[in-house]
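The values are calculated or read from the model by the stated rules, or taken from the named source; none is laboratory data. All values derive from a computational prediction rather than experimental measurement. Positions of Cβ are generated from backbone atoms using ideal geometry, with glycine treated the same way; all protein chains shown enter the neighbour counts. For accessibility, only protein heavy atoms count, side chains too; no ligands or nucleic acids. Shrake-Rupley method; radii C 1.70, N 1.55, O 1.52, S 1.80 Å.
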Amino acid sequence: MAVYILSNRKIVRHKGEKADSFSNDEYSIPNFRIAKCNFDTYKEPTAAAKKKKDYTNRNILDYKLFSEPEKQGYEEVLEVLRNEKGIKKSTLTANNLGGTQRMFYELYKNMSSTKDRSDVLIFIHGYAYDFDDELKAIIDLKKLYIDHPESPVEHILFVSWPASSSLVPLTYFDDKASSINSGSSLMRLFYFYTQFLKDIFQTGIWLLAIKEFILWLIP
């Protein structure tokens, strides 16, 4: 199970935190970043905790931003996979991967394993959502889909864009420009995904399949 956040929100360092966070500001940046949610230590907040002013950002749900990849493309992902299969030794590990490299690697590993459920749900929120609202929505989506035993969904990719937190009539028009910019970020994600498929499947993943087939033939 994995829940990722794809966002072109501004990156900030909140007071008292040691890691970068997504901002609640209604401001979009040209590039997107990816974070992975941590549910291992998640505890359902009490009603009193929800009323506190510090019930924001990581106090709602912990997440960690992936580092930016050192190299463009997905050849390093292939190198890590080859090393894991014993085809070619390398000092690279999954911890060396960043951004979409790390996310695509994890999804490939999980979805290619023999599981009854492995679907990925891509969720895009509507207007008038601030980041705190989005984190609460992620928790609800996990309960609704991943935690449901009959759901085929095992992973969630939550697309976060800096919508306005106001509910006044002009909010929709204010959000229009942000949504267009964020649409460009989503388009880049799909472009990176096609590049991932090209680099992995056209240039070497078939070698992994041959390796496994040979090992299966040997008694």
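Screening the range 48-59 for residues that are in contact with a helix residue (DSSP H, G or I) (Cβ under 9 Å, 6 or more places away or on another chain), open to solvent by 50 Å² or more (accessible area, probe 1.4 Å) and in a loop (DSSP other than H, G, I, E, B) and picking the one that is farthest from residue 192 (Cα to Cα) gives 52. Please verify whether the range 99-114 includes one or more residues that are more than 24 Å from residue 199 (Cβ to Cβ) and assigned to a loop (DSSP other than H, G, I, E, B). The answer is yes; a qualifying residue exists. Restricting to the range 142-166, give me the number of residues that are under 18 Å from the mean Cα position of the chain (by Cα) and either of a type in the set (Ser, Thr, Tyr) or surrounded by 18 or more Cβ atoms within 10 Å (Cβ to Cβ) (or both). Number of matching residues: 13.
Of all residues assigned to the range 179-188, at least one qualifies as being modelled with pLDDT under 80 and open to solvent by 80 Å² or more (accessible area, probe 1.4 Å). If we scan the range 36-47, do we find a residue that is closer than 23 Å to residue 142 by Cβ, surrounded by fewer than 19 Cβ atoms within 10 Å (Cβ to Cβ) and either of a type in the set (Asp, Glu) or in contact with a helix residue (DSSP H, G or I) (Cβ under 6 Å, 6 or more places away or on another chain) (or both)? For the range 36-47, residues closer than 23 Å to residue 142 by Cβ, surrounded by fewer than 19 Cβ atoms within 10 Å (Cβ to Cβ) and either of a type in the set (Asp, Glu) or in contact with a helix residue (DSSP H, G or I) (Cβ under 6 Å, 6 or more places away or on another chain) (or both): present.
Here is the figure for the range 2-24: residues that are of a type in the set (A, V, I, L, M, F, W, C) and exposed (fewer than 11 other Cβ atoms within 10 Å of the Cβ) total 0.
Taking first residues from the range 109-136 that are under 24 Å from residue 44 (Cα atoms) and partners that are assigned to a helix (DSSP H, G or I) and of a type in the set (Gly, Ala, Ser), no Cβ contact under 6 Å between residues at least 6 apart in sequence or on separate chains turns up. All of 68, 44, 76 fail the test of being without any contact (Cβ under 8 Å) to a residue 40 or more places away in the chain and touching an Asp or Glu at 6+ places or on another chain (Cβ under 9 Å), apart from 76. For the range 25-35, taking the residues that are open to solvent by 60 Å² or more (accessible area, probe 1.4 Å) and more than 15 Å from the chain's Cα centre (by Cα), the one that is modelled with the highest pLDDT is identified as 25. Taking the listed residues 23, 90, the one that is polar (S, T, N, Q) and closer than 21 Å to residue 196 by Cβ is 90, with no other qualifying.
Does residue 117 satisfy the condition of being open to solvent by 30 Å² or more (accessible area, probe 1.4 Å) and part of a loop (DSSP other than H, G, I, E, B)? So residue 117 fits the description; yes. Candidates 70, 44: the one that is among the charged types (D, E, K, R), assigned to a loop (DSSP other than H, G, I, E, B) and closer than 30 Å to residue 130 by Cβ is 44.
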